[in-house]
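The values are calculated or read from the model by the stated rules, or taken from the named source; none is laboratory data. What you are looking at is a predicted structure, and each value in this text was computed from that prediction instead of being measured. Neighbour counts run over all protein chains shown; Cβ positions are idealised from the backbone, glycine included.
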Amino acid sequence: MGCRSIRKRLPQFTQGLLSDADARGIAGHVQACAQCREKMAETQKVWAALGELQAPDSAATLFPRVLERIDAREQKRAGAGWAWLAVFKPSFASAAVAIMLIGFVSGAFISSLYTTDNAQEQAADDSAYSEILSDAPQASFFDVYLQTSGQNSMENSL
């Protein structure tokens, strides 16, 4: 057997799960190969450390303990996070409403400064615009383009 196949089977060898023939073959190779001997020592250390671990609790006893820890942590979090805001809740809500009302009133006031309520001012503005545009051609831009380019609008229609 090669080193790669020996190393794959070292965990089984250290646990005594191999047949006698396979175990003798691996033992002979490990005595001859320094790298495999080193890997076998590491594997034995790992299995020894695993053997020293305590057996896990059963799911029946572990699950309620986990739930208790989750509940305790949630209660602690709920009590500590926003508890300082409890003092300000009634006044905080009224302050928010007051700020909104101030915003609406100031917005209405400012918009009234920039809008004209006087119909005479509007008519004066309209007449000023009509005076400026009085010398503008009545035809559309496209019609003016066709006239100046020498093309007839009837010839270009589809």
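Just to be sure I understand the filter: pairs with C-beta atoms under 8 Å, separated by 6 or more residues or on different chains, first member in segment 18-34 and surrounded by 10 or more Cβ atoms within 10 Å (Cβ to Cβ), second member among the β-branched types (V, I, T). Which pairs pass?
The qualifying pairs are L18/I26; I26/I6; H29/I6; V30/I6; C33/I6.
Are there any pairs with C-beta distances below 9 angstrom linking a residue in segment 1-15 that is closer than 12 Å to Q44 by Cα to a residue that is of a type in the set (S, T, N, Q) and modelled with pLDDT of 85 or more, with the two at least 6 apart or on different chains, and if so which?
L10/T43; L10/Q44; P11/T43; F13/T43; T14/T43; T14/Q44
Specify which of the listed residues (T14, T61) is assigned to a helix (DSSP H, G or I) and surrounded by 12 or more Cβ atoms within 10 Å (Cβ to Cβ).
T14 is the lone residue from the list that is assigned to a helix (DSSP H, G or I) and surrounded by 12 or more Cβ atoms within 10 Å (Cβ to Cβ).
Restricting to segment 27-37, count the residues that are part of a helix (DSSP H, G or I) and under 12 Å from G2 (Cβ atoms).
Within segment 27-37, the subset part of a helix (DSSP H, G or I) is 27-32, 34-37.
Next, only the ones that are under 12 Å from G2 (Cβ atoms) stay: 29, 35-36.
The number of residues fulfilling the criteria is 3.
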